[in-house]
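Student: I have a structure I would like to understand better, so I am pasting it below and will then ask my questions one at a time.
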Amino acid sequence: TVAPGFKIHNVYVLPGVPMIMKKMFKSLIKNLKKSEPKNICTINTNLFESVIASKLSSIQKKFTDCEIGSYPYFNFTKKRGGVNIVVSSWKRNDLSLINNEIIKMITLLGGKSFIV
């Protein structure tokens, strides 16, 4: 077709034309390696990253079979911000132990949290 698709290492780039993209996807899906899904959970807090960084780093060092990422945000309209903390693991089926430790840390630092 005139709308090309291509692959760079493990990234497939497909055309934006829906009908062409669908046809290309149907042929390439046969070649994709399949695995168990990654377990992911997001915890939102009203605390800022500077407040939680050192404690969150300690939790990450304790649980080496998962990844913990912090993604700050600020809502200029409402004039408030916080952090989305994403916990993920290919190895753990249950992230509740890690989530509970993060929520406890947020509470001890005077913050609020909820699982997204």
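Student: Just the residues that are farther than 8 Å from ASN39 by Cβ and touching a Gly at 6+ places or on another chain (Cβ under 9 Å), please, taken from the stretch 84-96.
Tutor: Selection gives ASN84, ILE85, VAL86, VAL87.
Student: A further question on this structure: Name every residue in the stretch 58-76 that is open to solvent by less than 80 Å² (accessible area, probe 1.4 Å) and of a type in the set (Val, Ile, Thr), in order of residue number.
Tutor: ILE59, ILE68
Student: Looking at ILE20 and the list (1) more than 30 Å from GLY110 (Cβ to Cβ); (2) open to solvent by 80 Å² or more (accessible area, probe 1.4 Å), which single condition is not satisfied?
Tutor: (2)
Student: Which residues, taken from the stretch 26-57, are farther than 22 Å from PHE114 by Cβ, open to solvent by 80 Å² or more (accessible area, probe 1.4 Å) and of a type in the set (A, V, I, L, M, F, W, C)?
Tutor: If the condition is that a residue be farther than 22 Å from PHE114 by Cβ, open to solvent by 80 Å² or more (accessible area, probe 1.4 Å) and of a type in the set (A, V, I, L, M, F, W, C), then no residue fits.
The values are calculated or read from the model by the stated rules, or taken from the named source; none is laboratory data. Since this is a predicted model, take the numbers as computed values, not measurements. Cβ sites come from the backbone with ideal geometry, for glycine too, and all protein chains shown count toward neighbours. Areas reflect the complete protein model, heavy atoms only, side chains present, ligands, DNA and RNA absent. Shrake-Rupley method; radii C 1.70, N 1.55, O 1.52, S 1.80 Å.
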